[in-house]
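We did not get these values from a lab; they are worked out from the coordinates using the rules stated. As the structure is a prediction and not an experimental result, all values here were calculated from the model. Don't worry about glycine lacking a Cβ; one is built from the backbone with ideal geometry, like all the others, and counts go over all protein chains shown.
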Amino acid sequence: MKRSHGGIYGAMLGALIVGFCVSAAVIQAAGAAELPFARRLKVQPFPDGLKWINTAAPIEIAALRGKFVLLDFWTLGCINCMHVIPELKKLEAAYPKELVVIGVHSAKFQNEKDTQNITEAVLRYKLEHPVVNDADFTIWNAFSVRAWPTFVLIDPEGFAVWGRSGETTFEEIDNLLRGALPYYRKKGLLDEKPLKLDLAAARVQQTPLRFPGKILADEPGRRLFIADSNHNRIVVARLDGTLIATIGSGATGRTDGTFATAEFNQPQGMVLDGQTLYVADTSNHLIRKVNLAKQTVTTIAGTGQQRREVPPFGRLEQPPRTALNSPWALWLHAGDLYIAMAGPHQIWRMRGDGSGIGVYAGNGREDIVDGPLVPKKPYQEGFSSFAQPSGLASDGHWLYVADAEGSSIRAVPFDPKKDVRTVVGTSHLPSARLFTYGDVDGRGRDVRLQHALGIVYYEGKLYIADTYNHKVKAIDPADGTTRTLAGVGKAGRSDDPPAFAEPAGITAAAGKLYIADTNNHLIRVLDLRQGNKVSTLTIAGLAPPQRK
């Protein structure tokens, strides 16, 4: 995702990308005797007064002489930034003495500027490197960064030697480091003592739920299915909180098996079909099928690897050989499974018989644009565009989408002759559609949301988890009239007045809304029949997974 700005050091990153993207073969060919980078730029000190996470004190660039330093410019809600986290963890494991990763958090949304909210993201993504809150874009501008994510590599002598915008891989940076390390080691320029950190995770208490993402109500069965995302499992409970079962061992993985042995990796959206529960296993890039009667979990789509190539257009492929890209929410209609594919900014559809899967809506551009469902070739203008779709609901005629990065609610037709439209949001704007947000109730085009992740259709209304506004809102899908039901506009944790912390999931049953209050690690209940009174659901007997 790109952001426009003015850099205070000119086109520094442009020089890095153009001049310093040296191939691994070139670096290795130079050998240990020659400086492996043709051009280097001196890095200025970090500004004073910034807040740091995972460190006991601010870090000075000069204090990191002797190590390679990889700056990761990110923002906590960006799907592309999430995608590179596993790659960074591989690098940290491979180079624990030679490399320091520093996350430079330069927020897109107002909510993302708050250090406590960034800390919650550090805990959710299990980051174990220093993170600095660059809320005013001071470091961002110094390096002339233009997009999330962006990477800058600094060598052991304090010079910027390589840069890249967009997602990267372990292999790309590993090749650079393997080629360059012999030179710095031979010259005696390496400091191979591990950096001492003060991890935020060391001060966290265990909770029964950990960053619950999505939630699904089964009103006929009087059940709740909770994606206990950071515990890598699905919790099943009665509507009154009585614990029924947990699905998944709690270990991070993608093993199929029984409820006790199956593994997930940060599961999110779910949909129910009788005794079958479908699960978007987001960080595994898989769709899983849970047989509730037999208590088994199987994989029905995806390869377990993120799809990095252009998605298939104009055809449905066989799921077993089709890689997916961050499936985040699911819906069933007419026997087919619809998928909010957050990574490529699209809605996908999988045939009910499992014979094929492919793009249903979205040209692959990250934007908020209405129009026909899907082109025959990628990125073709004049067709619908989405921006990190993260929630799905339906009235039987339209598939409603919480389109998070555009802070919009979209309507996708099941009738392929109709166009995608926007219920509330920014599609009508000539520019800055992804950067126009707020907390404004009203009607249609006047409404502003902030990175809404959750949506449910119930009794003629759309109910929204307006995530970064920490609110629950109701929307009339006919004219977009929007009003706040609960929430004080900032993160909190109380029933009266009702306060939430980045709620990401919402569902409805028996006159009540059930809300996954993600950063509070709770399930909240809003009673539509009792003046929108909010309470906290207790799931008696639920405990964190046992660590092995």
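Taking every lysine pair in region 12-202 that is 8 or more places apart or spans two chains, those with Cα atoms closer than 18 Å amount to 20. Judged by the gyration tensor of its Cα atoms, with axes a ≥ b ≥ c, region 62-113 is oblate; a/c meets the 1.5 cut and b/c is at least as large as a/b. Comparing Ile59, Asn175, Val290 along the charge dipole axis of the chain, the residue lying farthest to the positive side is Asn175, per the Cβ-charge model.
Normalised by the number of residues in region 52-175, the average gap of Cα pairs under 8 Å and 6 or more apart makes the relative contact order 37 percent. At an R0 of 41 angstrom, the distance between the Cβ atoms of Asp218 and Ala94 translates into a FRET efficiency of 0.40. The overall shape of region 198-341 is oblate: from the C-alpha gyration tensor, with semi-axes ordered a ≥ b ≥ c, the ratio a/c is 1.5 or greater and a/b is no larger than b/c.
When the expected Rg is taken as 2.2 N^0.38 Å, what fraction or multiple of it is the alpha-carbon Rg of region 318-431?
0.97
So, by mean Cβ neighbours within 10 angstrom, what's the order for 66-73, 54-61 with the highest one leading?
Numbers: 66-73: 22.8, 54-61: 14.6.
By packing density, highest mean first, the sequence is 66-73, 54-61.
Computed over region 12-202, the P(r) tail beyond 23 angstrom holds 38 percent of alpha carbon pairs.
What you get for the chain, charging only the Cβ of Lys and Arg (+1) and of Asp and Glu (-1), is a dipole of about 540 debye around the Cα centre. With q set to 0.12, 0.13 Å⁻¹, the log10 of I(q)/I(0) for region 394-548, from the Debye formula over equal scatterers at the Cα positions, is -0.51, -0.59.
Can you figure out the FRET efficiency of His397 with Asp256, using R₀ = 41 Å and their beta-carbon distance, to the nearest 0.05?
Details: r = 35 Å, r/R0 = 0.86.
Calculated value: 0.70.
Nearest 5 is fine: what % of DSSP beta bridges in region 12-202 come out antiparallel, could you say?
Values: 15 of 25 bridges.
Around 60 percent antiparallel, to the nearest 5.
Answer rounded, prolate or oblate for region 205-537, using the Cα gyration tensor with square roots of eigenvalues a ≥ b ≥ c: rounded when a/c is under 1.5, else prolate when a/b is larger than b/c, else oblate. Taking the square roots of the gyration eigenvalues as a ≥ b ≥ c, region 205-537 is oblate.
Between the listed residues Thr518, Gln388, Gln44, the Cα displaced farthest toward the positive end of the dipole of the chain, a dipole computed from Cβ unit charges relative to the Cα centre, is found at Gln44.
Which net charge results when you count Lys and Arg as +1 and Asp and Glu as -1 among the other residues whose beta-carbon is under 15 Å from that of Asp256?
On the way: positive: Arg233, Arg254, Arg288, Lys289, Lys294; negative: Glu263, Asp281.
With Lys, Arg at +1 and Asp, Glu at -1, the net is +3.
Only DSSP H runs of four or more residues enter the estimate; each adds -39500 (n - 2.57), and after division by the residues of the chain the mean residue ellipticity at 222 nm equals -3500 deg cm²/dmol. Say the dipole of the chain comes from +1 at the beta carbon of Lys and Arg and -1 at that of Asp and Glu; which of Gln275, Thr261, Ser407 then lies farthest toward its positive end? My answer, from the dipole projection, is Thr261.
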